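The values are calculated or read from the model by the stated rules, or taken from the named source; none is laboratory data. Being a predicted model, the structure only gives us computed values, none of them experimental. Counting neighbours? That spans all protein chains shown, and the Cβs are built from the backbone with ideal geometry, glycine included.
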């Protein structure tokens, strides 16, 4: 496991977050994440951003973007989780996911959704989602682009 603390991101984290997107997210998906990072940091939307930090130097090592789906009662969403290459294989992704899920549950989410393109570049996220209790419910063929479906996964909270 890791000593990297998880905490809410601040506007000062933007540079570190953008660097993580650059080094950890396939280039085709950068334009989809950057607006959510800037809006989340500015508290413009319904999403939150958690960051993990290196316990020694304080640099951002990972992030989670998540929130309650606007206009719903109890529908949470995890938009993205990323961990920098130098911090992988230490449990940070799981720690960020668990923190996001706990926050959503505390905000009265009944379930959590994830939209994941069925892109080979994103396959490494499948084990985190599966081990966190997410199950694919459906998919939309060719929604992301020709030959790449959008997968819709859901995790219910057991009460």
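Say whether the condition of being farther than 18 Å from residue 88 by Cβ, assigned to a strand (DSSP E or B) and in contact with a helix residue (DSSP H, G or I) (Cβ under 9 Å, 6 or more places away or on another chain) is met by at least one residue in the stretch 16-28.
There is no residue in the stretch 16-28 that is farther than 18 Å from residue 88 by Cβ, assigned to a strand (DSSP E or B) and in contact with a helix residue (DSSP H, G or I) (Cβ under 9 Å, 6 or more places away or on another chain).
Being free of Cβ contacts under 8 Å to residues at least 24 places away in the same chain, surrounded by fewer than 16 Cβ atoms within 10 Å (Cβ to Cβ) and part of a helix (DSSP H, G or I), is that true of even one residue in the stretch 133-150?
No, the stretch 133-150 contains no residue that is free of Cβ contacts under 8 Å to residues at least 24 places away in the same chain, surrounded by fewer than 16 Cβ atoms within 10 Å (Cβ to Cβ) and part of a helix (DSSP H, G or I).
Out of the residues in the stretch 16-64 meeting the condition of being without any contact (Cβ under 8 Å) to a residue 24 or more places away in the chain and within 14 Å of residue 86 (Cβ to Cβ), tell me which one is nearest to the chain's Cα centre (by Cα).
Here the answer is 22.
Within the group 116, 122, which residue is on the phi < 0 side of the Ramachandran plot and not in a strand (DSSP E or B)?
Exactly one residue qualifies, and that residue is 122.
Say we look at the stretch 46-67 and pick out the residues that are in a loop (DSSP other than H, G, I, E, B) and surrounded by 14 or more Cβ atoms within 10 Å (Cβ to Cβ); which of these is modelled with the lowest pLDDT?
46
Can you name the residue in the stretch 93-131 that is touching a helix residue (DSSP H, G or I) at 6+ places or on another chain (Cβ under 7 Å) and crowded, with 19+ Cβ neighbours inside 10 Å and, of all such residues, is farthest from residue 5 (Cα to Cα)?
By that ranking, first place goes to 116.
How many residues are in a loop (DSSP other than H, G, I, E, B), in contact with a strand residue (DSSP E or B) (Cβ under 7 Å, 6 or more places away or on another chain) and closer than 13 Å to residue 47 by Cβ when one looks only at the stretch 68-108?
2
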